[in-house]
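Some notes on the structure that comes next.
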Amino acid sequence: APVPEIKAALRKRFEPSCLPRRILPVDALPREENGKVPRERLLRLFGLRSDGQPANWTLGWGEIVATTPSTPTTPEGAHAKVSLPADYAWFEGHFDGYPVLAGAVQMKELVLPMVTKAFPELGPLKTMNRVKFLERIVPGDHLVVRVERAIGSSRVRFEISKRGAELCSVGHLVLGPATGTRSEAAPE
C-alpha cells in the first residue's frame with residue numbers, strides 16, 4: 001500500500017505518539033535461510049549501523065590534482081588524497097573483526113568517482129581488466145587514488161595506494177562514450 005494510506009490507517013488505530021517516525025516501503029523483508037528477519041539488515045535499509053546510529057557514508061576527499069601531459073605520449077590524469085573514516089559504513093558487516101574495504105566498493109566509491117572528475121567526457125564503465133587487489137584497505141587509512149590515460153583514450157589505468165607508496169589496488173578500465181557522444185574504439 002502507498003505510504004500515505006498506511007499512515008492514515010495507523011492514525012485511526014493508534015495515538016500519535018505510537019506512530020512510526022519513518023516508513024520505508026520494500027518489496028520484501030530481508031530474511032535468513034531459517035526465515036528469521038535479521039535486525040542488522042533491517043537497520044541498514046534505514047541507513048543505520050547495527051547499533052542503531054546513522055551510518056557514515058562520507059569519505060574525506062582532498063583536492064584533485066590534474067596531471068598535464070608534457071609530451072603527446074605522456075599520459076594525462078589526476079590524483080587525490082582520500083581519508084577513510086574509522087566508522088565508514090562500507091566496513092560494517094564485511095569480515096567482522098577483520099574489516100576490509102571490498103573491491104567492488106573500491107571501484108564504486110574511489111575509482112569511478114575519480115575517473116568521472118578527471119575525465120568528464122567519458123561515459124559508463126564497459127569493462128575492467130588486469131584488476132588486482134594487493135593490500136588490505138582498513139578503517140582510518142589515508143589513500144591516494146590515481147587515474148591516467150593516453151590523451152583522448154577511453155582506457156584508464158588506476159591505482160590506489162596508502163600514503164602514495166604501498167600499492168593496494170591496480171587495474172585498467174574501459175569506459176564507453178558519455179551520453180550523447182559518438183562511440184570510440186577502446187585501444188588495447
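The values are calculated or read from the model by the stated rules, or taken from the named source; none is laboratory data. Since we're looking at a predicted model, the values are computed, not measured. Neighbour counts run over all protein chains shown; Cβ positions are idealised from the backbone, glycine included. With ligands, DNA and RNA removed, areas are computed over all heavy atoms of the protein, side chains included. Shrake-Rupley method; radii C 1.70, N 1.55, O 1.52, S 1.80 Å.
Just to be sure I understand, how many residues within the stretch 2-24 are open to solvent by 100 Å² or more (accessible area, probe 1.4 Å) and either among the polar types (S, T, N, Q) or outside any helix (DSSP H, G or I) (or both)?
5
Filter the stretch 127-163 for residues that are of a type in the set (Gly, Ala, Ser) and in contact (Cβ under 8 Å) with a residue 60 or more places away in the chain and give the result.
Listed by number, the list holds a single entry, ALA150.
Go over the candidates VAL65, VAL111, VAL100, VAL105 one by one and state the one that is open to solvent by less than 80 Å² (accessible area, probe 1.4 Å), in contact (Cβ under 8 Å) with a residue 60 or more places away in the chain and closer than 17 Å to LEU143 by Cα.
Being open to solvent by less than 80 Å² (accessible area, probe 1.4 Å), in contact (Cβ under 8 Å) with a residue 60 or more places away in the chain and closer than 17 Å to LEU143 by Cα holds for just one of VAL65, VAL111, VAL100, VAL105, which is VAL111.
Open to solvent by 30 Å² or more (accessible area, probe 1.4 Å), of a type outside the set (Phe, Trp, Tyr) and at pLDDT 90 or above: is that true of PRO120 in this structure?
Spelling it out, PRO120 is indeed open to solvent by 30 Å² or more (accessible area, probe 1.4 Å), of a type outside the set (Phe, Trp, Tyr) and at pLDDT 90 or above.
What are the pairs with Cβ atoms under 6 angstrom where one residue, in the stretch 28-56, is more than 19 Å from PRO139 (Cα to Cα) and the other, located anywhere, is outside any loop (DSSP other than H, G, I, E, B)? Sequence gap at least six, or different chains.
Within 6 Å, the pairs are PRO30/ARG41.
Are any of the residues in the stretch 69-81 more than 19 Å from VAL156 (Cα to Cα) and either of a type in the set (Gly, Ala, Ser) or out of contact with any helix residue (DSSP H, G or I) (no Cβ under 7 Å at 6 or more places or on another chain) (or both)?
no
Could you grab me the full set of residues in the stretch 25-51 that are modelled with pLDDT under 85, outside any helix (DSSP H, G or I) and not small (Gly, Ala, Ser)?
Within the stretch 25-51, PHE46, LEU48, ARG49, ASP51 meet the criteria.
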